[in-house]
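Notes for the one structure printed next.
The values are calculated or read from the model by the stated rules, or taken from the named source; none is laboratory data. No experiment lies behind these values; they were computed from the predicted model shown. Note: ideal-geometry Cβ built from the backbone for every residue, glycine included; neighbour counts use all protein chains shown.
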Amino acid sequence: MSDAKSIVWFRQDLRIKDNPALLAATELGEIIPVYILDEENAKDYSMGGASKWWLHESLKSLNKSLDGKLNFYKGDARKIIKDLCEKNQISHVFWNRCYEPWRISRDSSIKSDIESMNIEVKSFNASLLWEPWTIKKDDGTPYKVFTPFYRKGCLNSHPPREPLEKPNNFRFTDNQLESISLDNLNLIPEIDWYKQMEPFWEIGEEGALNCFNEFLDNGISNYKDGRNFPAKRFISRLSPYLHFGEISVNYIWHEIRNGPEDRNIDHFCSELGWREFSYSQLFTNPDLPVKNLQSKFDNFPWVDNDHLLKAWQKGLTGIPMVDAGMRELWQTGYMHNRVRMVVGSFLVKNLLLDWRHGERWFWDTLVDADLANNSASWQWVAGCGADAAPYFRIFNCVTQGEKFDPDGDYIRHYIPELKNLNNKYLYSPWTAPSDVLSQAGIQLGKDYPNPIVDLSESRNIALDAFKSIGQKS
C-alpha cells in the first residue's frame, strides 16, 4: 500500500462488495469517499421524488458501512471534484461509470480537467454485464431487436466478469473536508407520501442481498410463469437495488447461474439482458427519453387532455386492473411488470395520451426510475421504440385481469371499494346489474368511477390512428 490519496466518487454504486472503484482506491492507499448531488448538470433528468427518498436511505446505509466517513456535496460535480483535488493533494480519482448521456458528457469533461492537473483518473464498469459499445452486429452497427442482441450478441461475447470481494479495511484521510450533512442534500420530499412506502422496502446493501436471497428461496423456481401474476411473489423486486447499485448485477448473474440451468433461470437472465438492451439503446440514441425512435410517430395524433391524465395518475380510470396498478405505484413506489404493460398500453392506446406523460410520471413516482429502462420500456409499449410491440397489440385491460389476477386478490387489495364485488364483474364493474352493485355496496360514479373511456371504442380509434401514421410514412 502506497502513500496515495484518492477520491472515491460514489454515484449509482452504493455498495461495498464488488465495487471496482472502491477496491482499487483502497488497495492504493488513503481514500476520501464522496457523494455529489449534481442537479446542475442533470437538469431535466434530476431524480424524481420517490428516487430521492430511496437515495437518502441508501446513502445513510452506505455511510454506516464507511464508518460515517462519506462526504456529501451538492452542486456542479466538475467544480466540486476539481476543488477537492486542489485542496487535498489528491493523486488519484476513482469512479464507476454511469451511462446517462448527461453524465457521460460531464464525466468526460471532469476527466480532462483532472488529468490536466497530473492526477490519475480511473473509471470502471460496475453497473452492467457488458459495456453498451461492445455488443454490436457483425457489421459493427448496434442491434435493434432484443433477441439477437441478447442471444447472439451478449451470450456469444465474453462472459461477465466475476464479482470482487469487499475491501478488507479502509484508510480514510484525516484532511478537514468542507462537506455538508446528508440531511442538507434535501432529498426527502416535502409531501410525506413516501412514508407509506417505507414498510415495503429494506433499503441499502444488506437489504438488497436479503431481497435477492428471498427471490432465490421463493421466487426463481416458478419465475417464467409466476412472474405474470401480480398477486404472487415470483418477481425479484431487485430493480431499485440494481439502479442504485446496492447490489452488483455481476454478483446476481453468477450466483443465479451457479446451479443447473433451467427455463426459469434462463428467463430471469434474459430480463437482465433486457436491462442491457435498454442501456444499449440509450447509449446509441441519447434522445431516447424524449424522441421517438421510429420517426413516423412524430405525426401521431396524440390527445391533449389533462382530465384523462390525472385520472390515470390517481388510479381513478374506472378500469380496475389499471387503477390497481396505479395505486400500487403510489403506495409502494413500485409496480408489477405485467401491470406496467397494461397501464402503459391503456395510457397510449386507449386514452391516446403521449407516452412521454407516462415516462415522466413513472420517473417521479418509481423507486426504480432508471433513464434507460424507463425510456426504452415506454417506447416499447407505445410501439415507437426498438423491437417495439406492434401498433395493433393493445392490451385488453379486462381480460388481462381475468387471466393474471384470476382470484381478484391484486385488484381487491389496491381497490378495497370493490372487495365485495364477485369475480364475474370485478374486472368490468360497469357491466354489473344494479342489484349486484347494490349488494356489493357500490354506486358507480360515487364509490368507484365509471370508465373514463369505452375500451372497445377507444381501441378502434387507436387502431385508426396507428394506421394513419403508417400511411403517411
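Conditions (1) β-branched (Val, Ile, Thr); (2) in contact with a helix residue (DSSP H, G or I) (Cβ under 6 Å, 6 or more places away or on another chain); (3) closer than 26 Å to Asp405 by Cβ, marked per residue:
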position: Cys269; (1), (2), (3): no, no, no
position: Asp287; (1), (2), (3): no, no, no
position: Asp298; (1), (2), (3): no, no, no
position: Gly315; (1), (2), (3): no, yes, yes
position: Gly325; (1), (2), (3): no, yes, yes
position: Thr332; (1), (2), (3): yes, yes, yes
position: Phe346; (1), (2), (3): no, yes, yes
position: Glu359; (1), (2), (3): no, yes, yes
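Can you go through Thr284, Thr317 and tell me which one is in contact with a strand residue (DSSP E or B) (Cβ under 7 Å, 6 or more places away or on another chain) and polar (S, T, N, Q)? Show your work before the answer.
Numbers: Thr317 fails: in contact with a strand residue (DSSP E or B) (Cβ under 7 Å, 6 or more places away or on another chain).
Going through Thr284, Thr317 in turn, the sole match is Thr284.
Residues of region 429-473 being among the small types (Gly, Ala, Ser), without any contact (Cβ under 8 Å) to a residue 40 or more places away in the chain and not in a helix (DSSP H, G or I), which ones?
To start, the set of residues in region 429-473 that are among the small types (Gly, Ala, Ser) comprises 432, 434, 438, 440-441, 445, 456, 458, 462, 465, 468, 470, 473.
So of that shortlist, the ones also without any contact (Cβ under 8 Å) to a residue 40 or more places away in the chain come out as 432, 434, 438, 440-441, 445, 456.
Listed by number, the residues that qualify are Ala432, Ala440, Gly441, Gly445.
Which residue pairs have Cβ atoms under 6 Å apart, sit 6 or more places apart or on different chains, and have a first residue in region 173-197 that is over 30 Å from His92 (Cβ atoms) and a second that is surrounded by 10 or more Cβ atoms within 10 Å (Cβ to Cβ)?
Correct list of pairs: Ile188/His56; Pro189/Gly49; Tyr194/Trp53; Gln196/Gln331; Met197/Thr332; Met197/Gly333.
Per-residue answers, yes or no, for (1) in a loop (DSSP other than H, G, I, E, B); (2) buried (at least 16 other Cβ atoms within 10 Å of the Cβ); (3) β-branched (Val, Ile, Thr):
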position	(1), (2), (3)
Ser127	yes, yes, no
Asp139	yes, no, no
Lys144	yes, yes, no
Arg151	no, no, no
Asn156	yes, no, no
Pro163	yes, yes, no
Asn168	yes, no, no
Glu178	yes, no, no
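Which is among the small types (Gly, Ala, Ser), surrounded by fewer than 18 Cβ atoms within 10 Å (Cβ to Cβ) and farther than 22 Å from Met47 by Cα, of Ser428, Ser434?
On the way: Ser428 fails: surrounded by fewer than 18 Cβ atoms within 10 Å (Cβ to Cβ).
Just one listed residue meets the conditions, Ser434.
Is it the case that region 375-393 has a residue that's under 22 Å from Ala231 (Cβ atoms), over 24 Å from the mean Cα position of the chain (by Cα) and in contact (Cβ under 8 Å) with a residue 24 or more places away in the chain?
Within region 375-393, not a single residue is under 22 Å from Ala231 (Cβ atoms), over 24 Å from the mean Cα position of the chain (by Cα) and in contact (Cβ under 8 Å) with a residue 24 or more places away in the chain.
So which of Val322, Val249, Val303, Val290 is in the same structural domain as Asp454 (by TED's automatic domain parsing) and under 29 Å from Trp53 (Cα atoms)?
Values: Val249 fails: in the same structural domain as Asp454 (by TED's automatic domain parsing); Val303 fails: under 29 Å from Trp53 (Cα atoms); Val290 fails: in the same structural domain as Asp454 (by TED's automatic domain parsing).
Result: Val322 is the single residue among Val322, Val249, Val303, Val290 that is in the same structural domain as Asp454 (by TED's automatic domain parsing) and under 29 Å from Trp53 (Cα atoms).
Which ones in region 180-220 are in a loop (DSSP other than H, G, I, E, B) and of a type in the set (Val, Ile, Thr)?
Correct list: Ile188, Ile191, Ile203.
Please work out which one of (1) crowded, with 24+ Cβ neighbours inside 10 Å; (2) modelled with pLDDT under 95 is the condition Arg393 fails and give its number.
(1)
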